[in-house]
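Since the structure comes first, as structure tokens, the remarks are kept for the end.
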Number of protein chains: 2
Amino acid sequence: MRPEDARTRLAALGFGTADVETLFAHFDDAERRGKLGHGHARIEWLEAQELDPAARPVKASALPGFDRWESRGALGYLVLAEICAELSEAGPWPVRVVVADAFPTGHLGYWVRWLAEAGLVAALTASSPARLPHPDGGEPLVGTTPLAIGLPNPEGEPIVVDVSMGAVTYGDVIRGAAQPEQLVPFGGEQAHKAFALAVGLEGLISSFVGDTHGIVLVAAKPEFSHFAAELRERAGGLRLPGDA
Amino acid sequence: MRPEDARTRLAALGFGTADVETLFAHFDDAERRGKLGHGHARIEWLEAQELDPAARPVKASALPGFDRWESRGALGYLVLAEICAELSEAGPWPVRVVVADAFPTGHLGYWVRWLAEAGLVAALTASSPARLPHPDGGEPLVGTTPLAIGLPNPEGEPIVVDVSMGAVTYGDVIRGAAQPEQLVPFGGEQAHKAFALAVGLEGLISSFVGDTHGIVLVAAKPEFSHFAAELRERAGGLRLPGDA
């Protein structure tokens, strides 16, 4: 899809110029990183959803070290964009935990990279429909529940971790690149580990947002920020998480 | 090792009665759960270390939503015990991020179970010496960097996730139950995922504590706490993380 076509189709859904750019930037980044399930294909998916393009997320409460945002019907992408913009500008101190009923949120590496490029360290997880069964089998019990962590690097490229607990993505299944039975916790013989992480992260999110899909984000201005540069040096050119 | 022998040997290291009980409780729990690398064998390991049994951790600063503890030379177990005791009593609200230069910290599931039994949801990660190489090979770059998440359950057993990013434990290697070359990120063909998680979590900890081993803990009084009970029901008797 050409960029101008993507923007035109997003605008045709009723989104204003700023939201079109926010959504396009996310999908386009996914496309360029080869995360096709979160790329342009999502525009077609959005065209099949009931949307309220005028909905705006709001920060419903701000307590010491803790913000709660509400989507108020806005797409999760737009909720996270507002959160990242605010954190990047405000520079959370000493630390901020942010929760929201945000869905869908795309590839989480995008958001923690945004924060890392603003000099913030952040960990972000998001819940989604149940897709992963228990390693012993049965119906899907938990979502793929990714965990993303962004590590700023004042001397160069940040490190951007973005790990889904599924062996394949749901996007791969719907576009036919993987079979439904491959959508299990990753890890083969040790799939109980990825299953456990999905359970724990989903439970953590649920404890803040209840029975809806949502996010938990922890962000801080790092007191020490040499880890990324030092690891790159020790790794001696080996590809690190988030590298192209 | 008989409990009275374990206690006698810990006391012989110079620890006072309360610390002996704290350490014994942790090692004994590990033993009963089959986590032998964190069990009684650790008493022998402690006997070979230089220890300051009189050292006391302190809460060095308390900012909005954020506590920084310092070990001041105390064992990591004792640092985490102080933190868990204080959080359980105080009931963090709305959320608390706690960091410390704590090492060694044993099996992290123990600490988040403590908090879960006090009704708190918590996520805890800890750094340790580099043991895991990059999936493409080379020298060890990051620790096994476990992530533990405790989900309280007002209606029954909590769910206690405790996942090391290593395919085997370092304890298994030193007691000969695993070969050194098996100490790699778990996941087989998808070991890059466990490696990425170890990198991200270690970097997150490092951003708060710098070049020392430490912990990052996020704890909260959950607004919603029915996830554990509901998942148990949906799982229909399948073993869930932390179950005996």
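Overview of results
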quantity	calculated
Whole-Å distance, taken between Cα centres, linking the stretch B:43-75 and the stretch B:130-180	22 Å
Surrounding net charge for B:Phe24, when Lys and Arg each add one and Asp and Glu each subtract one, Cβ distance under 13 Å	-2
Lys/Arg +1, Asp/Glu -1 at C-beta; the stretch B:136-187 dipole; positive extreme among B:Ile159, B:Gly171, B:Gly187	B:Gly171
For chain B: relative contact order, % (alpha-carbon pairs under 8 angstrom, 6 or more apart)	19 percent
Dipole in debye (nearest 20) - the protein assembly as shown, about Cα centre, beta carbon charges: Lys, Arg +1; Asp, Glu -1	40 debye
Dipole moment magnitude, nearest 20 debye, the stretch A:82-135 about Cα centre, only Lys, Arg, Asp, Glu C-beta charged	260 debye
Choice from A:Leu141, A:Leu78, A:Leu23 showing the highest fluctuation, given a GNM over chain A with Cα pairs closer than 10 Å	A:Leu141
Proximal lysines to A:Lys221, defined as alpha-carbon separation beneath 29 angstrom and excluding residues fewer than eight positions away on the same chain	A:Lys35, A:Lys59, B:Lys59, B:Lys193, B:Lys221
Inter-site label distance for A:His226 and B:Thr212 at 7 Å from Cα along Cβ, in nm	1.5 nm
Relative contact order computed over the stretch A:173-242 (Cα-Cα under 8 Å; 6+ residues apart), in percent	12 percent
Residue-averaged beta-carbon neighbours from other chains (10 angstrom radius) around B:15-26	0
Length added when fully stretched, A:Glu117-A:Ala85, from 0.36 nm per residue minus Cα-Cα	10.4 nm
Per-residue average of Cβ from other chains inside 10 Å of A:233-244	4
Three-way shape call for the protein assembly as shown based on the alpha-carbon gyration tensor, with the a/c threshold at 1.5	prolate
Order by protection proxy (mean Cβ within 10 Å, highest first), peptides B:185-193, B:98-106, B:208-216	B:98-106, B:185-193, B:208-216
Debye, to nearest 20: dipole size of chain A, +1 on Lys, Arg Cβ, -1 on Asp, Glu Cβ	180 debye
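Read the figures in this text as sums done on the coordinates, not as results from a lab. Here the structure is a predicted model, which is why all the values come from computation and not from measurement. Because the Cβ atoms are built from the backbone with ideal geometry, glycine has one as well, and the counts that use them run over all protein chains shown.
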